[in-house]
Amino acid sequence: MTRLSVNINKVALLRNSRNLGIPSVLRAAELSVAAGAHGITVHPRPDQRHIRPADVFELADYLIGFPNVEFNIEGNPFPEFLELVHRVKPAQVTLVPDAIDAPTSDRGWNLNEDAARLAPIAADFQRSGIRVSLFMDVETVDWNRARELGAARVELYTQPYAEAFAGPDAAKVLALYAAAAAGAQAAGLGVNAGHDLNLSNLGAFCSIPGILEVSIGHALIADALEIGIPAAVCAYLEVLATVRTDLNS
C-alpha cells in the first residue's frame, strides 16, 4: 500500500493569520496520526509564511513517540533549512528547488544546473542517516544521475498529472508518469509523489506500480474543512487501500 504523508502547511498558514495560536499544527498532526497517517510532512520556507522552526521542533518531539510514522521535511536547501534539518534529523528530507517568492513548489530539479550544489548536501544528509529525496519533473531522464548524487528516492511533481486528469490527455500523461516511475526504479530509486493529488485523482495515479509515498496537503486540508481531519485522512487511506486490493486481485 502506498503510504500517506499528511502535509500540514495549510494549518500553519491559517494559524498565522491571527495571533491566537489556533488552529494548532501539533493537534493537526495528532489527529492525522490517530487516523492512520503514515507520515507528517512540512515545508518550512524562509519567510515563515506557514511552518515555523518552532513547529518543526515540536512535531519532531511528538513523533518520537511514533517510530512508524515518518517525519518528512521539504524545502530548498538554503543554509537555515540545512541547519534545521540537521538539528531535527527527520526520517526523510525532500529537497525542492522552490524560489523564495514562489507561492508553492512549481518545478523539479534540473540536475544539469543543480548537481554540483546538491551532491555535498545529499552526502551530508546521508552521513547523518537522513534519507534524501529529490523533487523531480516527469520529463527528466536523469534518474541515474540522481542516484549517483546520493538520493535514495525521488518525488515526482504531479501538478501536470492533476491538470490533465479527467481531460482528453489523462491516459497519455499517466503513462508518462508510469514510465518515469519505472525509469527511477530501474536506477535504484524509490518513488514518492506529490502536488495537487486529491480524492478524485489519487487512485488512478497510485495504480502505477511501486509508488511508495504520496504527500498530500492542500486538498486534504480542504476536505477536512468539510468533514474533519480524521475523516479526511481515512478517506485518503481508503483510496490507497482500494488501489492495493485492485493490484493484488
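The values are calculated or read from the model by the stated rules, or taken from the named source; none is laboratory data. On a predicted model such as this, the values are computed, not experimentally measured, just so you know. No Cβ is skipped: glycine too gets one built from the backbone with ideal geometry, and neighbour counts run over all protein chains shown.
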Quick one: how many residues across the range 108-132 are on the phi < 0 side of the Ramachandran plot, out of contact with any Leu (no Cβ under 9 Å at 6 or more places or on another chain) and in a loop (DSSP other than H, G, I, E, B)?
-> 3
Residue among ILE40, ILE100 that is at pLDDT below 95 and either of a type in the set (Val, Ile, Thr) or within 17 Å of ARG131 (Cβ to Cβ) (or both) = ILE100
Scan ILE227, ILE216 and give me the residue that is under 20 Å from ILE8 (Cβ atoms) and without any contact (Cβ under 8 Å) to a residue 12 or more places away in the chain.
-> ILE227
ALA54: within 30 Å of ALA119 (Cα to Cα), without any contact (Cβ under 8 Å) to a residue 12 or more places away in the chain and among the small types (Gly, Ala, Ser), yes or no?
-> yes
Find all pairs meeting these conditions: Cβ atoms under 9 angstrom apart; at least six residues apart or on different chains; first residue within the range 2-23 and over 17 Å from GLN48 (Cβ atoms) and of a type in the set (Val, Ile, Thr); second residue outside any loop (DSSP other than H, G, I, E, B) and at pLDDT below 95.
-> THR2/VAL243; THR2/ARG244
Restricting attention to the range 1-30, which residues are surrounded by fewer than 20 Cβ atoms within 10 Å (Cβ to Cβ) and in a strand (DSSP E or B)?
-> ARG3
In the range 64-87, how many residues are touching a strand residue (DSSP E or B) at 6+ places or on another chain (Cβ under 7 Å) and assigned to a helix (DSSP H, G or I)?
-> 2
In the list ILE22, ILE64, ILE8, which residue meets the criterion of being under 25 Å from GLY108 (Cβ atoms) and of a type in the set (A, V, I, L, M, F, W, C)?
-> ILE8
If you scan the range 34-63, which residues turn out to be touching a Leu at 6+ places or on another chain (Cβ under 8 Å), not in a loop (DSSP other than H, G, I, E, B) and not charged (D, E, K, R)?
-> GLY39, ILE40, VAL42, PRO53, VAL56, LEU59, TYR62
In this structure, is ARG18 touching an Asp or Glu at 6+ places or on another chain (Cβ under 8 Å) and either among the charged types (D, E, K, R) or at pLDDT 95 or above (or both)?
-> no
Go through the residues of the range 146-161 one by one and say whether even a single one is at negative phi and exposed (fewer than 14 other Cβ atoms within 10 Å of the Cβ).
-> no
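Matching residues to (1) surrounded by fewer than 17 Cβ atoms within 10 Å (Cβ to Cβ); (2) at pLDDT below 95; (3) among the small types (Gly, Ala, Ser):
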position	(1), (2), (3)
GLY167	yes, no, yes
LYS172	yes, no, no
ALA175	yes, no, yes
ALA180	no, no, yes
ALA186	yes, no, yes
HIS195	no, no, no
ILE208	no, no, no
GLU213	no, no, no
Restricting the search to the range 202-231, which residues are in a loop (DSSP other than H, G, I, E, B) and within 16 Å of the chain's Cα centre (by Cα)?
-> CYS206, GLY210, GLY217
Among the helices (runs of 4 or more DSSP H) confined wholly to the range 133-189, which include 3 or more residues that are closer than 13 Å to ASN201 by Cβ?
-> 159-164, 170-186
Among VAL33, VAL85, which is the only one that is surrounded by 14 or more Cβ atoms within 10 Å (Cβ to Cβ), closer than 19 Å to VAL132 by Cβ and touching a residue at least 12 places away in the same chain (Cβ under 8 Å)?
-> VAL85
If we keep just the residues of the range 57-73 that are out of contact with any Pro (no Cβ under 8 Å at 6 or more places or on another chain) and either touching a residue at least 24 places away in the same chain (Cβ under 8 Å) or on the phi > 0 side of the Ramachandran plot (or both), which is surrounded by the fewest Cβ atoms within 10 Å (Cβ to Cβ)?
-> ASN68
